[in-house]
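Notes to accompany the following structure.
The values are calculated or read from the model by the stated rules, or taken from the named source; none is laboratory data. The structure presented is a predicted model; accordingly, all values stated were derived computationally and were not measured. Cβ atoms come from the backbone with ideal geometry, glycine included; neighbour counts cover every protein chain shown. In case anyone asks, the SASA skips ligands and DNA or RNA and just uses the protein heavy atoms, side chains included. Shrake-Rupley method; radii C 1.70, N 1.55, O 1.52, S 1.80 Å.
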Amino acid sequence: MGEWYSYAGKVLRVDLSKEKFWEEELKEEDVVNFLGGVGLAAKIIFSEVDPRIDPFDPSNKLVFMTGALTGTMVPGANKVTVAAKSPLTLAWGEAHLGGFWGPELKRAGYDGIVFEGRASEPVYIVIGNREVSIESAEKLWGLSTSETERRIKEEIGNKDVRIASIGPAGERLVRIACIVSEERVAGRTGMGAVMGSKNLKAVAVKGEGSVKVKAPESLRRNISRLYPMIMSYPPSQILSAYGTNGEMLSFYEYGDVPLRNFTKSVWEGIKNIEGRIMVSKYLKEHKSCFACPIGCWKVVRVQEGEFQGVEGRAPEYETAASLGALLLNDNYESLIYLEKLCNELGVDVISAGVVIAWAMEAYEKGLITKEDTGGIELNWGDYKTIIRLVEMIGRREGFGKILGEGCHRASQIIGRGTEEFAMHVRGLEIPMHDPRAFKGMGLQYATSNRGACHLQGTFFRIEQGERVPDLKIFRRVYRFETKDKGWMVAVMQDWHQVIESLGLCKFVQIHPGHVAGFYSLATGIVKRVTDLQKDGERISNLVRVFNVLCGRGGDYDKLPERFLKQPLEEGGAKGQVVELDVMLKEYYSYRKWDSRGIPTREKLEELGILSLVERRISELGIELTLT
């Protein structure tokens, strides 16, 4: 391709074992078929990573890939995908980082970075305008993420550099470790642990270039007309005023907020941890990620009491629910501290809350004792114990060694029947939306490529009444019905692969038709909604095949029995269970997957990736029959 628009046109390759780095040109064919972000990351990992390896093996590749629109003026275009084989699920792993790091990488001249190998000692990478250096991180090892950022800025003499780093959790290969950049987090599937396994402490980026678009004036005019529509969307207004925790009370009314490890849905303490509390007592300032009109990022400060002086990002909804509601902890100031603690240690808040909830239920039932915990009593609502456990997880100490493995592995280590209430799909802990309140979300959890994920489709929005005519979702969908959920979930999952591949934030609501227009104006590659849908479907299917090759096919399209057989006794989802089988059958049929949950030859041919898949299977020498 001649001149690239919106794309930088280059990917940086870094072999940490050999301390070598080189550039690769983007391939036009890959861009057309896989867009960017999660799509290009999937193409690289599928083609280059042996699905049978241990995720901590040096041959696992850690990919940072910006979206096709990241760094442009398109609202919310700031995301970067981080992907590898996951140490938590032993299959496809991905996480997404907002803020400013992704746009900065593209301004520095790269669409993405592919790390391979393992450094002989701790290092960090400095990237600036296509200049790269590998620096010693010996003095940074063991530091928190914010202290790492501060020290690197001092060392290289640039306070404006953008840094993505791991904390002690990633260094110590805690399987629920994440990657942090200025309080924005690539949280799920243990990408921080993969980074730590490579002795890679941080990646610092400073770019002086710009991200060119094909038709800047047309793009600017279209965006300006769209702003009022974005901000008139009710969730946008809530996010702008209260952050992501602003919707907790409405979710609670649906019976959606999980309590006591997904066993309850009514709790008086909910009023003490919902988002408006933040504004009335603790709000210090509003912040926004790059190109964001909403500004859900809130900075808070505790003025007095036990946590006096603690300042940082306000508890997100997933934090307030996982370390608050799920554990019956209604101390909001402890949640401010826990949000900061998880970010400093580099621990995924969702997984931390769910694995602690598992331990508390096991302790309550007498299946875990003080002998297991090192003398710690695990009582619901005890925020001091929750803080202690998070610290132990992040530093891989004591009982935290087991908890840091994630609830699936922890339950296997302890045994004694505790597997029954380990709340996960494919080893990834369930997010903070109870699928008995939104049954399509149950199907989304069961089939999402990275394991239980509320963001790969955000289907609860459809079940709240949203329609998406551009994707042929015309009618209002009742949240407790199962009819048509199979095809609708598949359609929304594919569309969200597009959103992740373009680098757009899902909180900035842009109709698919506008997304297609923005992509065409920015890149000069003309695509309609139907073209992008096909791209999203191609990505979904390729990642599915990778999971199958990892041994994680249709047998893993499951939900915990709690959702299937144990209805809630009160609240907004009283009496409901998830009828997964009927929805899953429709889902497979719509996707043209066989009864094993494997894409058929017909489907792979239709998507133009059959030859890629067959060639890779042959290279690996894996026996897999495509029907």
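Per-residue 3J(HN,Hα) values for segment 172-188, derived from phi via the Karplus relation 6.51 cos²θ - 1.76 cosθ + 1.60 with θ = phi - 60°, read 9, 6, 5, 5, 9, 7, 10, 10, 10, 9, 6, 6, 9, 10, 8, x, 9 Hz in sequence order (x marks Gly and Pro). For the pair residue 10 and residue 601, a Förster radius of 25 Å applied to the C-beta separation gives a FRET efficiency near 0.10, rounded to the nearest 0.05. Applying a DSSP loop filter and a limit of 12 other Cβ atoms within 10 Å to the GluC sites (Glu not before Pro) in segment 370-435 leaves 377.
Comparing 511, 446, 617 along the charge dipole axis of the chain, the residue lying farthest to the positive side is 511, per the Cβ-charge model. The charge dipole of the chain, taken about its Cα centre with unit charges on the Cβ of Lys, Arg, Asp and Glu (plus for the first two, minus for the last two), comes to roughly 1020 debye. Solvent exposure of the chain amounts to 35 Å² per residue of accessible area, where only protein heavy atoms count and the probe is 1.4 Å. About its Cα centre, the dipole of segment 239-360 is roughly 160 debye, where the only charges are +1 on Lys and Arg Cβ and -1 on Asp and Glu Cβ. Here's how it looks for residue 329: its modeled amide H is under 5 Å from those of 381, which are all 5 or more places away or on a different chain.
The order of the peptides 515-522, 547-554 by mean Cβ neighbours within 10 Å, most packed first, is 515-522, 547-554.
In whole percent, and with a 1.4 Å probe on the protein chains, what portion of the accessible area of segment 288-420 is carbon and sulfur? In segment 288-420, the share of accessible area belonging to carbon and sulfur is 43 percent. The charge dipole of segment 389-537, taken about the Cα centre with unit charges on the Cβ atoms of Lys, Arg (+1) and Asp, Glu (-1), comes to about 240 debye, rounded to the nearest 20. Volume per residue of the convex hull around the Cα atoms, evaluated for segment 279-370, comes out as 119 Å³. Each Lys or Arg adds one and each Asp or Glu subtracts one; over the other residues with Cβ under 9 Å from the Cβ of residue 423, this totals 0. Taken one residue at a time, the phi angles of segment 410-418 give Karplus couplings (6.51, -1.76, 1.60, θ = phi - 60°) of 4, 5, 6, 5, 6, x, 6, x, 6 Hz. Gly and Pro are set to x. Please compute the net charge surrounding residue 170, taking Lys and Arg as +1 and Asp and Glu as -1 over other residues with Cβ under 11 Å from its Cβ. Overall, the nearby charge balance is +3. Eigenvalues of the alpha-carbon gyration tensor of the chain, scaled by 5 and square-rooted, set the equivalent ellipsoid semi-axes at 33, 29, 26 angstrom, largest first. Only Cα pairs under 8 Å and at least 6 apart count here; give the relative contact order of segment 393-543 as a rounded whole percent. Here the relative contact order equals 16 percent. The phi torsions of segment 432-443, fed into the Karplus equation with coefficients 6.51, -1.76 and 1.60 and a -60° offset, translate into couplings of 8, 9, 6, x, 6, 8, 9, 5, x, 5, x, 5 Hz, rounded to whole numbers, with Gly and Pro shown as x. Between the beta carbons of residue 379 and residue 3, assuming R0 = 51 Å, the FRET efficiency works out to 0.25 to the nearest 0.05.
Translational diffusion of segment 507-597 was estimated from the Stokes-Einstein equation, with Rh taken as the Kirkwood radius over Cα pairs; at 10 °C and 1.306 mPa s the coefficient is 96 µm²/s. Over segment 7-131, the hull volume per residue, using the convex hull of the C-alpha atoms, is 110 Å³. Note on the chain: helix-only mean residue ellipticity at 222 nm, from DSSP H runs of 4+ residues weighted -39500 (n - 2.57) and normalised by residue number, equals -11500 deg cm²/dmol. Relative intensity of segment 567-627 on a log10 scale, I(q)/I(0) at q = 0.16, 0.21, 0.23, 0.26 Å⁻¹, equals -0.63, -0.85, -0.94, -1.05, per a Debye sum over C-alpha point scatterers of equal strength in the absence of solvent.
So which of 298/485; 201/384; 485/506 end up more than 25 Å apart by C-alpha? From 298/485; 201/384; 485/506, over 25 Å: 298/485; 201/384.
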